[in-house]
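Let me begin by presenting the structure, written as structure tokens, before commenting on it.
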């Protein structure tokens, strides 16, 4: 079994080891694909998880600790050995897995397994839409067109009457947004009218300030970025209080309180796979890499900005 490990804040590598002994009830998974979630996983790889959040940030089947070394990841698609059943699960990047039967979601037959690796990030995007209480006809700004921003933009654009604009300064991500059919603006001054809602996904304080500046009276800013132990500065003087602007955090581990009477995590995942019936989501996977290439990319990304949206790890058994 091969797995991607972060050995220290400066080095990632692929390690080979044996799977632990099965308890008899465990299922053996042969990995096909996994998705690198660039925001959270880069913070983990760089050692930017605050000590007080170590327990909260643990993911199923994670090995090691945030003080290093560790393996980390949370969107893997594989086949249950001997059954042909395709499944999605939260698991680090690894060529084979032993899992509890309660820990997977069977992928519907009409969803290609490669597209299914978007499920975890699409859960995040869908939860953001719920937290923002997006309404038909609203003017919506997406600040940052990485994976999460692009997924939110696609969902939001499907709500009747919405006007979705992208604010992005990175050249390759601007190109992706335009290819997807979105209007891209770089300067908040180019906005003709205040926005009703802005989703911030850039992972920077500058981006968050842009989102706050874009919304109008009682406008909502949905903060999707997580900064780990990195501090950000925003200006909350000026119009922020006068215009009663709202800054709302969104985090995928919790379903909005207003929905808990009827929704649980499994129903949300079913809704995600209903969305994934749309083949347009394939465009969000912009790169395919091997497990070894993924380790090399993590070593590069510690000092550079990734060019793509979704990086899919293809295992030797992948098709």
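Every number in this text was worked out from the coordinates using simple rules, so none of it is lab data. Since the structure is predicted, the reported quantities are computational estimates derived from the model, not experimental observations. Please note: Cβ atoms are built from the backbone with ideal geometry, for glycine as well, and neighbour counts cover all protein chains shown.
Observations on the model:
- Least to most buried among 278, 196 (fewest other Cβ within 10 Å first): 278, 196
- More than 15 angstrom apart: percent of Cα pairs within the range 64-121: 50 percent
- Label-point separation, residue 258 to residue 235 (7 Å along Cα→Cβ), nm: 3.2 nm
- Candidates 200, 91, 54, ranked by Gaussian network fluctuation over the chain, Cα under 10 Å, top entry: 54
- At the listed q of 0.11, 0.18, 0.21, 0.23 Å⁻¹, the Debye profile of the range 216-315, built from one uniform point per Cα, gives log10 I(q)/I(0) equal to -0.64, -1.16, -1.16, -1.18.
- P(r), alpha carbons of the range 268-310 - 10 Å bins starting at zero, rounded %: 23, 38, 26, 13
- Dimensions (Å) - the range 122-257, Cα atoms, principal axes, largest first: 37, 35, 32
- For the chain, the ratio of Cα radius of gyration to the globular rule of thumb 2.2 N^0.38 Å stands at 1.00.
- Rg over Rh, two decimals, the range 168-232 (C-alpha only, Kirkwood Rh): 0.98
- When the chain is treated as a GNM with alpha-carbon contacts under 10 Å, the residue of 25, 249, 172 showing the greatest mean-square fluctuation is 25.
- Here the label points at residue 98 and residue 292, each 7 Å from Cα along the C-beta direction, are separated by 2.7 nm in the simple model.
- Rounded to 5, percent antiparallel among DSSP beta bridges of the chain: 55 percent
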